[in-house]
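The values are calculated or read from the model by the stated rules, or taken from the named source; none is laboratory data. Given the structure is predicted, the values throughout are model-derived calculations rather than measurements. Because the Cβ atoms are built from the backbone with ideal geometry, glycine has one as well, and the counts that use them run over all protein chains shown. Calculation scope for accessible area: heavy atoms of the full protein, side chains included, ligands and nucleic acids excluded. Shrake-Rupley method; radii C 1.70, N 1.55, O 1.52, S 1.80 Å.
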Amino acid sequence: MSDKRAPIFGFTAVFLILAILWIWYPFGTPLLFQSTIFPLTDNAERTQSVYAMVYWITLVIFLVVEGLLLYTLFRFRARGDEKAPPAQTHGHTALEVGWTLATVVLVLVMYVPSCAAIRYHQGPPPTPNPLVIDVTGRQWFWEFYYPDQDLTTANEIVVPQGRTVLFHVSATDVIHSFWFPRLGGKRDAVPGRTQPMWFTPTELGDFHGQCTEYCGSSHALMKMDIKVVPAADFDAWVAQQKAPSDPAAMAGFGVFAASGCIACHMTMQNDKTVLHMNGPNLMKVATRGKIAAGILDNTPENLKLWISNPQHVKPDAKMNVPAMQCTGPGTPDACCRDVQIGNCLPDATVDQLVAYLEMMK
Ligand code: CUA
């Protein structure tokens, strides 16, 4: 291959790959679990309907334009026996008016349904009795409060199948953005503002969400999950979350308090009185599937890893172990030089904390 032809082959290869991906899209399967093009709610379906319409219109335009281009390139290519340049066309009023009008019509065809969809999403929820959840974005976790149930949880939402959920989205520190790609459009979480957003989950299962507004060093580690369960299971979940934890767990509370954890985390109650503590509510943390805002599976090993060295799991996490813990047998030296890096708690203390949190169910 000559040096002159190499860029043409590269360009053609990229073009073909993009074209295949583009044409593949409507026939694909939801391989990507955080994908907007496989919607599961009324809200997400409406967005996708606009997206699909734009896709099909632009696909037809693409095929027509590229077809004409390829035809012209082939049909009128130089054959080596030309005596002079071919006849030139300067101006063609009918053509120019035609493609200008066609473009205006196409834009209108896409503009009107887009506006209708925006109006639909910004409007009130479609049912009169939605489940309300107050969402608060924090660096770097999500706090969820169910006002009707007077219940606080973090990073994991449980909702009943078939009932519209109305979220009131806000933040306490910087701007975050609340997004479950398969369930609904994103909504910015802005300090000092509360913005509504709703969707009606109809499919049972666990779905993933993600903060989608850059909010600091651990923005990418600010994930969340939503579990869509049958209505009866939702009622049982609420009852479980409201019930006191095992009284035997009280034995571990002393360590939890003495280690400074209670400065930011609550384990004894999860009602409105403990909203907006510095850290996530941990009253029923053992019932959650993930810890550290969707980063780690909720296992004793991962809890230990997280408590031992939060900065390692989530850079700049605002989970620091007090300097007073940097004494006593078994305390690594490194933490005493910088209490924000490394394990400041003796291993045995971490084990006691893990055992305590494992009883929070
Ligand atoms: Cu919170 Cu990005």
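The table below lists the values:
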| quantity | calculated |
| --- | --- |
| Enclosed volume per residue, in Å³, of the convex hull spanned by Cα atoms of the stretch 41-100 | 102 Å³ |
| Net charge over other residues, Cβ less than 13 angstrom from the Cβ of Gln139 (K, R count +1; D, E count -1) | -1 |
| Label-to-label distance, nm, for residues given as Arg75 and Asp347 (7 Å Cα→Cβ offset) | 8.0 nm |
| Amide H partners (placed H, <5 Å) of Val158, local residues excluded | Lys227 |
| Spin-label model distance (nm) - Asn129 vs Val97, 7 Å beyond Cα toward Cβ | 6.1 nm |
| Gain upon complete extension [Glu358, Gln122; 0.36 nm per residue less C-alpha separation] | 80.8 nm |
| Percent accessible area from carbon and sulfur atoms, the chain, protein chains only, probe 1.4 Å | 65 percent |
| Average accessible surface area per residue within the chain, 1.4 Å rolling probe, Å² | 55 Å² |
| Values of log10 I(q)/I(0), in the order q = 0.11 Å⁻¹, for the stretch 28-161 under a Debye, Cα-only, solvent-free model | -0.72 |
| Amide H contacts under 5 Å for Ser177, placed H, 5+ residues apart | Ala189, Thr212, Glu213 |
| Cross-link table Lys227/Lys318; Lys223/Lys272; Lys223/Lys290, entries beyond 19 Å C-alpha to C-alpha | Lys227/Lys318; Lys223/Lys272 |
| Using distinct alpha-carbon pairs, which all enter the 1/r mean, Kirkwood radius of the chain in Å | 24.5 Å |
| Positive-end residue, the chain charge dipole about Cα centroid, Cβ charges, pick of Pro315, Ala154, Ala249 | Pro315 |
| Separation in nanometres of the label points that stand 7 Å from Cα toward Cβ, at Asp316 and Asp206 | 2.9 nm |
| Globularity index of the stretch 159-240, i.e. its alpha-carbon radius of gyration over 2.2 N^0.38 Å | 1.17 |
| Calculated FRET value between Val14 and Thr194, using beta carbons and R₀ = 51 Å, to 0.05 | 0.70 |
| 222 nm mean residue ellipticity, helices alone, for the chain (DSSP H n ≥ 4; -39,500 (n - 2.57); rounded to 500) | -12000 deg cm²/dmol |
| Extended-chain gain in nm, criterion 0.36 nm per residue less alpha-carbon gap, His168 and Tyr51 | 39.5 nm |
| Axial C-alpha extent at least 24 Å, average Kyte-Doolittle at least 0.0 - helices from the chain (DSSP) | 6-24, 42-75, 93-122 |
